[in-house]
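Enquirer: Take this structure first; my questions come after.
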Amino acid sequence: MTAIPARRFVRLGALAVCAVLFALAPGRGQTPATPAAGADTAVIEDVVVGSRILADFGVVDAFGHVSARHPANPNHFLMSRSLAPALVTADDVKEFDLDGNAVDARGRPVFLERFIHGEIYKARPDVMAVVHTHSPGVIPFTVTKVPLRPMFHNAAFLGAGAPVWEIRKDFGETDMLVRDPLLGKSLAQMLGDKSVVLMRGHGDVTVGPSVNVAVFRAYYTDVNARLQTQAAALGGDINFLTPEESVKADAINLVVLDRVWNLWKLRIAPTLGK
Ligand code: MN
């Protein structure tokens with residue numbers, strides 16, 4: 001057996017370390033595997049899955065977005081770069097501060113309405129995820145005086161109320177977009193302590209203690225709105241859930257949410273990696 005001289009051995013070791021470091025470092029023009037440094041990959045996956053689920057259900061189309069508060073830094077949040085929700089991958093999820101500044105945008109465009117998310121995270125320390133949609137079923141309830149109320153147990157969170165934010169009230173004639181922090185702050189104030197806020201002539205925002213809850217609420221806000229429109233078309237009084245029923249049913253929804261989420265993940269699994 002030939003012994004490797006000590007000096008040569010050290011040199012080989014140094015070369016090996018360099019090779020490993022080179023392999024780990026992102027090359028020029030390439031993207032690192034974990035774009036939001038230090039973020040829990042499970043939370044990033046939830047943002048990806050949630051975006052694709054809502055697209056699959058038609059709650060979002062080319063527009064709309066899902067975000068999560070950064071698990072390790074409550075003053076930052078994770079959100080896709082400007083992209084249709086059905087196309088979001090883990091590599092597209094970026095880190096933002098609560099003023100909506102991208103920590104590292106790498107020259108990629110970001111969502112104009114990111115201020116919805118940042119200002120709600122500022123106003124609501126309990127909120128860990130935010131969803132914004134232009135949910136078609138909801139729009140009629142943003143432009144009429146008919147309040148959105150809980151039709152069935154899955155939408156029990158509506159029992160606490162779904163206020164409508166009227167952008168024209170404080171901001172006059174705009175392009176309807178939440179394009180700066182002042183607009184975001186006003187929207188967050190209208191949300192108050194609720195789970196949902198509707199936006200006149202625009203859509204809605206749902207929030208929750210996790211991504212799956214916020215996505216669940218976005219989906220069932222749309223379903224409830226469609227069902228309420230159907231019930232109203234039948235005529236007569238609607239027998240909504242009472243406030244007490246709403247509180248009890250909402251607690252159960254949060255317990256069985258994993259079952260729903262696992263089914264939804266299965267539903268969009270064939271689209272991942274595309
Ligand atoms: Mn919008």
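Enquirer: With 28 Å as the limit, write out which pairs from K94/K248; K94/K169; K145/K265; K94/K185 have Cα-Cα distances beyond it, or answer none. Don't skip to the end; give the middle numbers.
Expert: On the way: K94/K248 37 Å; K94/K169 33 Å; K145/K265 36 Å; K94/K185 22 Å.
Listed pairs above 28 Å: K94/K248; K94/K169; K145/K265.
Enquirer: Which residues does a label at N75 reach in the range 102-120, if reach means a backbone N under 18 Å from a point 7 Å past the Cα toward the Cβ?
Expert: 102-104, 118-120
Enquirer: Which order do the peptides 172-182, 222-232 take when ranked by the mean count of other beta-carbon atoms within 10 Å per residue, highest first? Can you show the working numbers first?
Expert: Working: 172-182: 13.5, 222-232: 18.2.
The most tightly packed comes first, giving 222-232, 172-182.
Enquirer: Can you give me the relative contact order of the chain as a percent, contacts being Cα pairs under 8 Å and 6 or more apart? Could you put the intermediate results ahead of the total?
Expert: On the way: 463 pairs, mean separation 53.6, N = 274.
It comes to 20 percent, rounded to a whole number.
Enquirer: Does the range 174-236 come out rounded, prolate or oblate, given a ≥ b ≥ c as the square roots of the eigenvalues of its C-alpha gyration tensor, rounded meaning a/c under 1.5 and, failing that, prolate meaning a/b above b/c? Don't jump to the answer; show the numbers that get you there.
Expert: On the way: a/c = 2.53, a/b = 1.48, b/c = 1.71.
Oblate shape, in that a/c is at least 1.5 and b/c is the bigger or equal ratio.
Enquirer: Write out the chymotrypsin sites (Phe, Trp or Tyr not before Pro) in the range 76-172 meeting two conditions: DSSP loop, and at most 12 other Cβ atoms within 10 Å of their Cβ.
Expert: Listed in order of number, the matching sites amount to none.
Enquirer: Would you be so kind as to identify which of A102, L183, S210 lies farthest towards the positive end of the dipole of the chain, taking Lys and Arg as +1 and Asp and Glu as -1 on Cβ and the Cα centre as origin?
Expert: Result: A102.
Enquirer: Which number comes out as Rg/Rh for the range 41-271 once both Rg and the Kirkwood Rh are worked out on C-alpha atoms? Walk me through the numbers on the way to the answer.
Expert: Details: Rg = 16.8 Å, Rh = 17.6 Å.
Computed over Cα atoms, the ratio is 0.95.
Enquirer: Subtract the Cα-Cα distance of D126 and L234 from 0.36 nm times their separation in residues, and report this length gain in nm to one decimal.
Expert: Details: separation 108, 0.36 × 108 = 38.88 nm, distance 3.90 nm.
Extra length from D126 to L234 when fully extended: 35.0 nm.
Enquirer: For the range 41-271, give the magnitude of the charge dipole about the Cα centre (Cβ charges: +1 Lys/Arg, -1 Asp/Glu; no others), in debye to the nearest 20. Numbers along the way, then the final one.
Expert: Values: 23 positive and 26 negative charges, 33 e Å.
About 160 debye.
Enquirer: Quick one: helix 6-24 against the long Cα principal axis of the chain, what's the angle to the nearest 10°, folded into 0 to 90?
Expert: For 6-24 against the chain, the angle is about 20 degrees.
Enquirer: Evaluated at 25 °C with a viscosity of 0.890 mPa s, what Stokes-Einstein diffusion coefficient in µm²/s does the range 49-92 have when Rh comes from the Kirkwood expression over alpha-carbon pairs? Please report the intermediate quantities before stating the final value.
Expert: Values: Rh = 10.9 Å.
Value of D from the Cα-based Kirkwood radius: 226 µm²/s.
Enquirer: Additional query: Starting with the fewest neighbours, write out S186, S195 ranked by other beta-carbon atoms found within 10 Å of each beta-carbon.
Expert: Values: S186 18, S195 23.
Neighbour counts put them in this order, fewest first: S186, S195.
Enquirer: Modelled label-to-label distance, D180 and T242, 7 Å Cα→beta-carbon offset: nm?
Expert: Output for this residue pair reads 4.8 nm.
Enquirer: Loop only by DSSP, 12 or fewer other Cβ within 10 Å of the Cβ. Give me the trypsin sites (Lys or Arg not before Pro) in the range 75-111 that pass, ordered by residue number.
Expert: Details: sites: R81, K94, R106; in loops: R81, R106.
Passing sites in the range 75-111 are R106.
Enquirer: Helix 211-234: angle to the longest alpha-carbon principal axis of the chain, degrees 0 to 90, nearest 10?
Expert: Taking Cα atoms only, the helix is inclined about 20 degrees.
Enquirer: Between 0 and 90 degrees, rounded to the nearest ten: what's the tilt of helix 181-191 against the longest Cα principal axis of the chain?
Expert: 50 degrees
Taken together, the values in this text are just the output of simple stated rules run on the coordinates, not laboratory data. Bear in mind the structure is a predicted one, so any value in this text is a computation, not a measurement. Methodologically, a virtual Cβ is constructed for each residue, glycine included, from the backbone with ideal geometry; neighbour enumeration extends over all protein chains shown.
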